[in-house]
């Protein structure tokens, strides 16, 4: 090699010796938690107070103990829940690095009911509510709360176009999700036809329907089918219904939130049924 001539690449740090200027990868915001969990100190306390069915309470090692964690531990002990102190990295993994404040309540998986079982055991006259495309967990939870209050026998939802029963739904439903039979079906239209064969009259809600919910007889075995806000029921769902009804609107808004609309329809059915009971007792 000639004097004064540097070898190609000489003086440059080796790839292994250079400090990487790459930033560490950020946790994916789209990654879902590995289990259904309630995170955060306030949320965990509220979930335990509501007695949402849970598997265990996890607390991060060296987490700062405040009155909310103390209360969570007390409530968990009262409900005989396992309480574990674990590395923060484990909680990060379970929650997909969501903000958890060092405490997580792991929720039990929801047990859905069998469709045929519900049809056979439904009280006569049966009252069922179907939901087509209600994917928001807050709306779904509120609908379950209304359904329980109105004495509904079962809630039927499609597997691919519905919110799942999770911690949010359970909390919003105020415990109704734990007692209300919820059935997920692969094909909602096919299940609706099975209900018809079992003698259930299908009533769909549609803003363009000619009849009002107050114009029809709701005293027999019926299933009231609600669509998602904005989109409403899908075409085949609508066409499968025996009858379509609307909720009369008197103001400037054109529609109601799906949980409010469910309440209007279900409580009108309850009113009619209770009127028959009162009449029969006289």
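When only alpha carbons are used to place a centre, segment 200-250 and segment 123-163 end up 14 Å from one another. From the largest down, segment 115-281 spans 42, 41, 31 angstrom on the principal axes of its Cα atoms. Mean sequence separation of contacting Cα pairs (under 8 Å, at least six apart), scaled by the length of the chain, corresponds to a relative contact order of 17 percent.
Peptides 252-260, 203-211 ranked from most to least packed by the mean count of surrounding Cβ atoms within 10 Å: 203-211, 252-260.
Debye-formula intensities of the chain, expressed as log10 I(q)/I(0) at q = 0.17 Å⁻¹, are -1.24 (one equal scatterer per alpha-carbon, no solvent). A full extension of the chain between residue 239 and residue 51 corresponds to an added length of 63.6 nm, given 0.36 nm per residue minus the alpha carbon distance. Note on segment 37-107: antiparallel DSSP beta bridges, both residues inside, total approximately 65 percent of the bridges counted.
Within the chain, DSSP assigns beta bridges of which about 25% are antiparallel (rounded to the nearest 5). With the convex hull of the Cα atoms taken as the outline of segment 37-107, the averaged projected area works out to 3.9 nm². Judged by the ratio a/c of the largest to the smallest principal axis of the C-alpha gyration tensor, segment 123-181 counts as oblate, that ratio being 1.5 or greater while a/b is no larger than b/c. With contacts taken as Cα pairs under 8 Å at a separation of at least 6 residues, segment 151-198 carries a relative contact order of 50 percent.
Take each peptide in 263-269, 273-279, 174-180, count the other Cβ atoms within 10 Å of every residue, and average; sorted highest first, the result is 263-269, 174-180, 273-279. Modelled label positions at residue 210 and residue 281, each set 7 Å beyond Cα in the direction of Cβ, lie 3.8 nm from each other.
Each peptide among 101-110, 79-88, 163-172, 46-55 gets the average number of other Cβ atoms lying within 10 Å of its residues, and from highest to lowest they stand as 163-172, 101-110, 46-55, 79-88. Helix-only arithmetic for the chain: the sum of -39500 (n - 2.57) across DSSP H runs with n ≥ 4, divided by the residue total, places the mean residue ellipticity at 222 nm at -10000 deg cm²/dmol.
Most simply put, segment 115-281 has about 5% antiparallel DSSP beta bridges, counting only bridges with both residues inside it. Sorted largest first, the spans of the alpha carbon positions of segment 34-155 along the three principal axes are 57, 29, 22 Å.
How do 236, 188 rank when sorted from fewest to most other Cβ atoms within 10 Å of their own Cβ?
Taking fewest neighbouring Cβ atoms as first place, the list is 236, 188.
Every number in this text was worked out from the coordinates using simple rules, so none of it is lab data. Remember, it's a predicted structure, so these values are computed and weren't measured experimentally. Positions of Cβ are backbone-derived with ideal geometry, glycine not excepted, and every protein chain shown enters the neighbour counts.
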